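Some notes on the structure that comes next.
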Amino acid sequence: MKLLSWNVNGIRAASKAGFLDWFAAENADVVCLQEIKATQDQLDETLRNPTKFHSFWHSAQKPGYSGVAVFTKKEPLRVQIGIGVEEIDAEGRVLIAEFADFVLINTYFPNSQRDHKRLGFKLSFCNQILKTCDSLRSKGKNLVLCGDLNIAHKEIDLKNPKSNLNNAGFLPEERAWMDQFVENGYVDSFREFTKDPGHYTWWSYRPGVREKNIGWRLDYFITNQEYKDRLRAVQHQPFVKGSDHCPVSLVLK
């Protein structure tokens, strides 16, 4: 089973940069998008309902902001729009789809922002996600959480850690939450296969930054420990353009 996750930084912009060609060529079983920045009525039918796929959307109330979408070949047993917290759900940040074998959580974590003014909201969101994961796991469910977490966990996960110690996405509080998440029995699947540095999923739009690979690893597939043996491969697709993020693929056995 092949799953893909991509922060498209605007699905309409990505569609002009070849999104549907990429979508067709990948032939995945599940595609999760973050930061779609659109509502369904703003999209044409080819984007709303790709052939042979079921599509689910959670757009933000604020126009042109945030939002997530999930496309699946197999119809899920259950779909939950949002996480049940009004302040969070207004921003369109979580879609949950349950399949026979696992529960998929597609999520777009908030950005703490340059002056850290949303750090409190970010950490509240993080704790709600952990609570949701733990609740599902306590019911015997296996989890695959994917998306843009807006956190580089370790120094290896960004090109210039020393100069970014006080920057959003690499703040001590954010990294400490990631430590807690992993210690609670969740697995950063990419690091199960790739231990070396230089692998990123986000680059600034500033000229030359992506070409020089001055990036951050902000996009993840996370599973619970009990499901780890189902992981077959996790890879980044930095060659895919159309966003400041690149897609991440997960293959399950």
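Looking at the chain, what % of its DSSP beta bridges pair antiparallel, to the nearest 5? Can you show the working numbers first?
Values: 40 of 51 bridges.
Approximately 80 percent, going by the DSSP bridge assignments.
Using bins 5 angstrom wide from zero, how does P(r) for the chain break down, in % of all Cα pairs?
1, 6, 14, 19, 22, 18, 13, 6, 1, 0
Might you tell me the accessible area per residue for the range 17-153, computed with a 1.4 Å probe and given in Å²? Present the calculation step by step, with values, prior to reporting the outcome.
On the way: 5960 Å² over 137 residues.
I get 43 Å² per residue for this part.
What lysines could a cross-link reach from residue 131, if we take a straight Cα to Cα line under 19 Å and drop same-chain neighbours fewer than 8 places away?
The reachable lysines, counting only those whose Cα sits under 19 Å from residue 131, are 122, 139, 141.
In a Debye calculation with equal point scatterers on the alpha-carbon sites of the range 22-123 and no solvent, what is log10 I(q)/I(0) at q = 0.10, 0.12, 0.13, 0.16 Å⁻¹?
Taking Cα atoms of the range 22-123 as identical point scatterers yields -0.30, -0.42, -0.49, -0.72.
Over the range 131-253, what portion of Cα pair distances is larger than 24 Å, expressed as a whole percent? Walk me through the numbers before you get to the answer.
Details: 2103 of 7503 pairs.
So the portion of pairs separated by more than 24 Å is 28 percent.
Sort out for me the Cα centre separation of the range 22-87 from the range 208-233, rounded to whole Å.
If you average the Cα positions of each part, the centres end up 21 Å apart.
Give me the orientation-averaged projected area of the Cα convex hull of the range 140-210, in nm², one decimal.
Here the figure is 5.8 nm², rounded to one decimal.
Hey, can you rank 22-33, 102-113, 82-93, 200-211 by average C-beta count inside 10 Å, highest first?
Values: 22-33: 19.2, 102-113: 21.4, 82-93: 16.9, 200-211: 14.6.
Highest mean packing first, the order is 102-113, 22-33, 82-93, 200-211.
Need one number: convex hull volume per residue for the range 37-183, Cα atoms only, in Å³.
On the way: hull volume 19.7 nm³, N = 147.
That works out to 134 Å³ per residue.
Just want to confirm a number: the relative contact order over the range 19-110, from Cα pairs under 8 angstrom separated by 6+ residues, in percent.
Values: 175 pairs, mean separation 24.9, N = 92.
Computed over the range 19-110, the figure is 27 percent.
Among 167, 194, 207, flag the residue with its Cα farthest along the positive direction of the charge dipole of the chain, charges on Cβ as +1 for Lys/Arg and -1 for Asp/Glu.
Of the candidates, 207 comes out farthest on the positive side.
For the range 1-160, give the percent of accessible area contributed by carbon and sulfur heavy atoms, probe 1.4 Å, rounded to a whole number. Working shown, then result.
Numbers: 3190 of 6940 Å².
Of the solvent-accessible surface of the range 1-160, carbon and sulfur hold 46 percent.
Using Cα-Cα distances under 8 Å and only pairs 6 or more residues apart, what relative contact order does the chain have, in percent? Show your work: numbers first, answer last.
Working: 539 pairs, mean separation 49.5, N = 253.
20 percent.
Taking K and R as +1 and D and E as -1, what net charge do the other residues with C-beta under 15 Å from the C-beta of residue 217 add up to? Could you put the intermediate results ahead of the total?
Numbers: positive: 154, 159, 175, 191, 195, 210; negative: 148, 155, 157, 174, 188, 192, 196, 219, 244.
With Lys, Arg at +1 and Asp, Glu at -1, the neighbours total -3.
Would you mind getting the accessible area per residue of the range 157-253, heavy atoms of the protein chains only, 1.4 Å probe, in Å²? Before the final figure, lay out each step's value.
Numbers: 4610 Å² over 97 residues.
Value for the range 157-253: 48 Å² per residue.
Below 8 Å, C-alpha to C-alpha, sequence gap of six or more: please give me the relative contact order for the range 128-184 in percent. Present the calculation step by step, with values, prior to reporting the outcome.
Working: 26 pairs, mean separation 16.5, N = 57.
Relative contact order, the range 128-184: 29 percent.
The values are calculated or read from the model by the stated rules, or taken from the named source; none is laboratory data. Just so you know, these numbers come straight off a predicted model, no measurement behind them. Cβ atoms come from the backbone with ideal geometry, glycine included; neighbour counts cover every protein chain shown. Surface accessibility is based on the protein's heavy atoms, side chains included, excluding ligands, DNA and RNA. Shrake-Rupley method; radii C 1.70, N 1.55, O 1.52, S 1.80 Å.
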